[in-house]
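**Q** Okay, handing you the structure first.
The values are calculated or read from the model by the stated rules, or taken from the named source; none is laboratory data. Remember, predicted model here, so these are calculated numbers, not experimental data. All Cβ positions, glycine included, derive from the backbone under ideal geometry; neighbour counts span all protein chains shown. Only protein heavy atoms, including side chains, enter the accessible area calculation; ligands, DNA and RNA are left aside. Shrake-Rupley method; radii C 1.70, N 1.55, O 1.52, S 1.80 Å.
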Amino acid sequence: MTELTKRERMKLPPTEMPERDPEIRRTGFMEVNFGYDPDLAVIEAQRCLLCARPICIDGCPVGIRISDFIHHVALEEFTEAAEVIGIDNSLPAICGRVCAQEVQCEGACVLDKKGKPIHIGHLERFVADFVRENSPLEPPPNAPPTGKRVAVVGSGPAGLACASDLITMGHEVTVFEALHELGGVLVYGIPEFRLPKDIVRSEIDGLADRGVEFRTNTVIGSLDTLDDLLTEEGYDAVFIGVGAGLPKFLGVPGENLIGVYSANEFLTRINLMKAYSAKAQTPILDMRGKNVVVFGGGNTAMDAVRTAVRLGAGRASIAYRRTMDEMPARVEEVHHAQAEGVVFDMLVSPLELLGNDDSRLVGVRLQRMELGEPDDDGRRRPKPIEGDIFEQPADVVVIAIGNVPNPLLLRTTPDLDRTKWGTLVADTDTGRTSKKGVFGGGDIVTGGATVILAMGAGRRAAASIGEYLATGEW
Amino acid sequence: MNTILEVRALAPDVAYFRVEAPKIAKRRRAGQFVIVRVEAEGERIPLTIADSDPDGGWIALAVQAVGHTTTVMNRLREGDDLLDMVGPLGQPSEIELFGTVAVVGGGLGTAIAYPVAKALAGAGNDVVSIIGGRSRPYVIFEADMRACCDEVHPCTDDGSYGFHGLVTTKLEEVMARRTVDRVICAGPIPMMRAVAETTRPRGVPTIASLNPIMVDGTGMCGGCRVSVGGESRFACVDGPEFDAHQVDFELLSRRNKAYLDWEAEHKQVQP
């Protein structure tokens with residue numbers, strides 16, 4: 001390959017992600033993005049300016065050596081690229097698909113100012129997929145057994161990342177999962193069309209091959225308490241990564257009508273229980289030709305509304321109380337949703353869900369909003385426009401406004417400090433909780449956040465667990 | 001894992017299973033349930049733990065074949081494994097010394113009421129059980145109830161066995177002749193609602209074990225929410241037992257019919 005000058009690199013146009021035609025993908029759950037092929041990946045990697053001080057790395061919650069791996073991709077050294085990513089991220093095929101790159105690495109990229117950031121996420125995904133399909137990396141050898149045992153509660157992103165690092169350190173690791181499938185939100189929450197479950201399965205199989213023991217159908221807090229794990233079960237430390245798994249509802253009349261789902265229930269029926277499959281035994285309400293309204297503006301709301309499209313909804317809409325600019329969803333998901341025909345009803349807030357005599361949902365009463373002054377997090381606060389209230393038909397409502405911590409584990413462990421919001425108190429850098437030997441990270445600590453932030457917390461906790469197991473110091 | 005140690009018929013279409021589950025047997029308390037899956041792509045169904053033996057390492061489940069999954073489960077035999085089983089889930093029953101407690105079970109609900117009756121008796125209460133069924137074969141757990149209760153009153157709709165009439169009529173009769181400090185009921189929704197209305201005028205605290213549609217059973221989906229005193233509660237993590245005088249049974253009954261259309265359209269050909 002001839003080396004390009006910086007000027008030449010900057011002239012290259014961004015390499016767009018090839019994706020399935022919207023009209024086709026509306027009809028099924030196949031993955032939307034096809035991924036780069038090697039040629040596209042190399043072309044995109046050649047755009048990287050290989051900055052002397054690559055500030056993209058500052059934008060990555062786990063600090064992937066981004067410019068290094070991209071340089072390898074430009075040189076067609078895909079295995080080396082994967083090795084570089086692997087130093088900091090054990091789940092690249094997942095993160096390459098679901099991270100909000102535009103506010104992380106790509107948002108930090110110097111080319112972002114010109115509106116042409118390097119598609120770092122697409123490249124990460126390419127490297128992970130290419131290597132997995134062609135020449136899987138040898139996993140890092142585990143350090144000699146330390147004889148220490150760690151229990152990881154929850155098999156979502158935080159738990160998996162934590163388990164991966166702990167097994168490498170030579171500890172014995174058992175991951176406990178309440179559901180019958182492993183992966184947490186990666187399997188019950190994120191739909192197949194955005195994150196194929198085979199990929200999650202393959203990452204988990206990789207961990208199992210490296211010696212991580214997985215136990216499904218095990219609810220810590222009821223089958224074993226946390227104290228049981230530390231005493232009779234003989235674990236030396238516990239990591240709590242149980243997520244924020246209790247759905248928030250709107251707090252308006254009519255929420256218990258038939259036709260009203262939490263996003264968790266709707267997505268769980270589809271993703272975990274496969275309700276879209278003819279063979280599956282878990283039912284889902286018939287959405288063919290129906291009006292489906294999704295409340296919320298995050299990635300979960302986009303997942304839900306795009307799922308409704310795929311189930312044949314006649315009109316699938318997002319109802320959000322601010323505007324497109326304030327929506328926390330990834331830009332790519334919003335674009336995909338628009339291409340699939342999702343309607344975005346902005347600046348509306350629910351007042352009531354309306355039912356018929358059989359307690360079935362028939363409509364929603366909405367309050368028109370306008371944006372006021374910015375609030376604490378800098379987003380402009382929506383406020384009602386007095387008197388501007390209207391109704392629209394709805395057969396199904398999905399509430400995707402976030403989750404609060406699940407009480408199952410924490411309520412049987414009274415000596416764990418928690419915040420007034422019910423989240424677990426854990427140190428940001430070390431994951432240490434108020435209880436000796438117990439660490440936490442991910443959504444149970446931060447409240448609803450992202451896959452990559454949970455992974456980062458899992459990894460920091462793993463480092464801190466390693467230290468604790470070596471020194472015994474708390 | 002989850003091996004079926006024994007299966008026998010309790011009533012027409014109702015099977016009694018003893019399932020190997022040493023840890024659940026040790027941990028579970030009266031009123032709790034498990035979630036079971038019996039086939040790939042199968043649904044998750046909640047089943048109350050009817051009994052357990054911590055030493056023998058098993059729990060007992062009673063299953064009525066009413067849909068696809070329960071029908072498939074009731075075809076399983078000794079030595080078969082349940083594909084998945086998770087528990088114990090839900091809040092245990094409140095077991096204290098209340099005095100005299102009437103435990104009312106209707107149909108399969110008697111299998112739910114029995115462990116509570118047993119635990120209440122174990123805590124020193126005088127337990128009067130009233131167990132109903134359509135006809136004689138549908139009155140279940142009578143011998144078990146007799147082993148722990150002060151009085152046992154089988155009731156049948158057709159008079160083929162025991163008291164000819166509704167469990168609520170029998171409950172009235174019991175409350176008229178002795179002080180009842182608390183009532184627990186489990187069974188069809190109309191029965192639980194009728195029990196609540198029977199005890200409400202007397203102000204007797206009454207608890208109902210609810211059976212809404214569930215998916216995960218761990219609080220994650222909120223599909224099992226019920227309205228209690230005007231507030232939404234999750235039956236899986238806040239229940240399944242609630243103050244029967246506060247429960248909106250009408251809403252529960254309607255929500256439990258949410259998927260009748262789906263079931264009609266997806267009726268499985270039974271192999």
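A quick yes/no check of all residues on (1) assigned by TED's automatic domain parsing to the domain that holds B:MET220; (2) modelled with pLDDT under 95; (3) open to solvent by less than 30 Å² (accessible area, probe 1.4 Å):
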{"site": "B:GLN32", "(1), (2), (3)": "no, no, yes"}
{"site": "B:VAL36", "(1), (2), (3)": "no, no, yes"}
{"site": "B:ALA40", "(1), (2), (3)": "no, yes, no"}
{"site": "B:GLU43", "(1), (2), (3)": "no, yes, no"}
{"site": "B:ASP53", "(1), (2), (3)": "no, no, no"}
{"site": "B:THR69", "(1), (2), (3)": "no, yes, yes"}
{"site": "B:LEU82", "(1), (2), (3)": "no, no, yes"}
{"site": "B:ILE95", "(1), (2), (3)": "no, no, no"}
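**Q** Kindly list the number of the only condition in (1) in a helix (DSSP H, G or I); (2) at pLDDT 95 or above; (3) among the small types (Gly, Ala, Ser) that fails for A:GLY456.
**A** Failed condition: (2).
**Q** With the condition kept exactly as written, say whether any residue in the range B:115-137 is of a type in the set (Val, Ile, Thr), outside any strand (DSSP E or B) and open to solvent by 20 Å² or more (accessible area, probe 1.4 Å). Give the derivation first.
**A** Keep residues of the range B:115-137 that are of a type in the set (Val, Ile, Thr), which gives B:116, B:127-128, B:130-131.
Now restrict to residues that are outside any strand (DSSP E or B): B:116.
Going one step further and asking which of them are open to solvent by 20 Å² or more (accessible area, probe 1.4 Å), we end up with none.
Scanning the range B:115-137, I find no residue that is of a type in the set (Val, Ile, Thr), outside any strand (DSSP E or B) and open to solvent by 20 Å² or more (accessible area, probe 1.4 Å), so the answer is no.
**Q** Kindly evaluate A:VAL98 against the criterion of being closer than 20 Å to A:TYR36 by Cα, of a type in the set (A, V, I, L, M), at pLDDT below 95 and in contact with a helix residue (DSSP H, G or I) (Cβ under 8 Å, 6 or more places away or on another chain).
**A** yes
**Q** In the range A:62-89, what count of residues is obtained for those that are within 20 Å of the chain's Cα centre (by Cα) and surrounded by fewer than 21 Cβ atoms within 10 Å (Cβ to Cβ)?
**A** The number of residues fulfilling the criteria is 3.
**Q** Report yes if A:GLY289 is more than 11 Å from chain B (Cβ to nearest Cβ), within 30 Å of A:VAL397 (Cβ to Cβ) and without any contact (Cβ under 8 Å) to a residue 60 or more places away in the chain, otherwise no.
**A** Yes.
**Q** Would you please list the contacts, defined by Cβ atoms under 7 Å and residues six or more apart or on different chains, that run from a residue in the range A:192-217 that is on the phi > 0 side of the Ramachandran plot to a residue that is not aromatic (Phe, Trp, Tyr)?
**A** Listed pairs, sorted by first residue: A:GLY211/A:ASN142; A:GLY211/A:ILE167; A:ASN217/A:HIS180; A:ASN217/B:ASP84; A:ASN217/B:MET85; A:ASN217/B:VAL86.
**Q** Can you find, within the range B:213-233, the residue that is nearest to A:LEU272 (Cα to Cα) among those that are open to solvent by 10 Å² or more (accessible area, probe 1.4 Å) and within 17 Å of the chain's Cα centre (by Cα)?
**A** B:MET214
**Q** Working only within the range A:258-283, note down all residues that are facing chain B (nearest Cβ under 7 Å) and assigned to a loop (DSSP other than H, G, I, E, B).
**A** Residues satisfying the conditions are A:MET273, A:LYS274, A:SER277, A:LYS279, A:ALA280, A:GLN281, A:THR282, A:PRO283.
**Q** Open to solvent by 20 Å² or more (accessible area, probe 1.4 Å) and within 9 Å of chain A (Cβ to nearest Cβ), is that true of B:ARG254? Full working, then the answer.
**A** Working: open to solvent by 20 Å² or more (accessible area, probe 1.4 Å): yes; within 9 Å of chain A (Cβ to nearest Cβ): yes.
Yes.
**Q** Can you confirm whether A:ILE64 is under 22 Å from A:ALA454 (Cβ atoms) and not in a helix (DSSP H, G or I)?
**A** Considered against the rule, which asks whether it is under 22 Å from A:ALA454 (Cβ atoms) and not in a helix (DSSP H, G or I), A:ILE64 comes out as yes.
**Q** Can you tell me which residue in the range A:292-332 is most open to solvent (accessible area, probe 1.4 Å), limited to those that are in a helix (DSSP H, G or I) and within 14 Å of chain B (Cβ to nearest Cβ)? I'd like the intermediate steps shown before the answer.
**A** To start, the set of residues in the range A:292-332 that are in a helix (DSSP H, G or I) comprises A:299-310, A:324-326, A:331-332.
Then drop every residue that is not within 14 Å of chain B (Cβ to nearest Cβ), which leaves A:300, A:304.
Values: A:THR300: 64, A:ALA304: 0 Å².
Out of the qualifying residues, it is A:THR300.
**Q** Out of curiosity, is A:LEU179 over 27 Å from A:MET273 (Cα atoms), of a type in the set (A, V, I, L, M) and within 14 Å of chain B (Cβ to nearest Cβ)?
**A** For A:LEU179, the condition - over 27 Å from A:MET273 (Cα atoms), of a type in the set (A, V, I, L, M) and within 14 Å of chain B (Cβ to nearest Cβ) - is not met.
**Q** Next question. Of all residues in the range A:21-43, which are under 25 Å from the mean Cα position of the chain (by Cα) and open to solvent by less than 60 Å² (accessible area, probe 1.4 Å)?
**A** Residues satisfying the conditions are A:PRO22, A:ARG25, A:GLY28, A:PHE29, A:GLU31, A:VAL32, A:ASN33, A:GLY35, A:TYR36, A:ALA41.
**Q** Same structure again: When you go through A:SER155, A:SER135 one by one, which is the residue that is touching a residue at least 40 places away in the same chain (Cβ under 8 Å) and surrounded by fewer than 15 Cβ atoms within 10 Å (Cβ to Cβ)?
**A** A:SER135
**Q** For the range B:259-269, check the following and say yes or no: at least one residue is surrounded by fewer than 19 Cβ atoms within 10 Å (Cβ to Cβ), β-branched (Val, Ile, Thr) and out of contact with any Ser or Thr (no Cβ under 9 Å at 6 or more places or on another chain).
**A** yes
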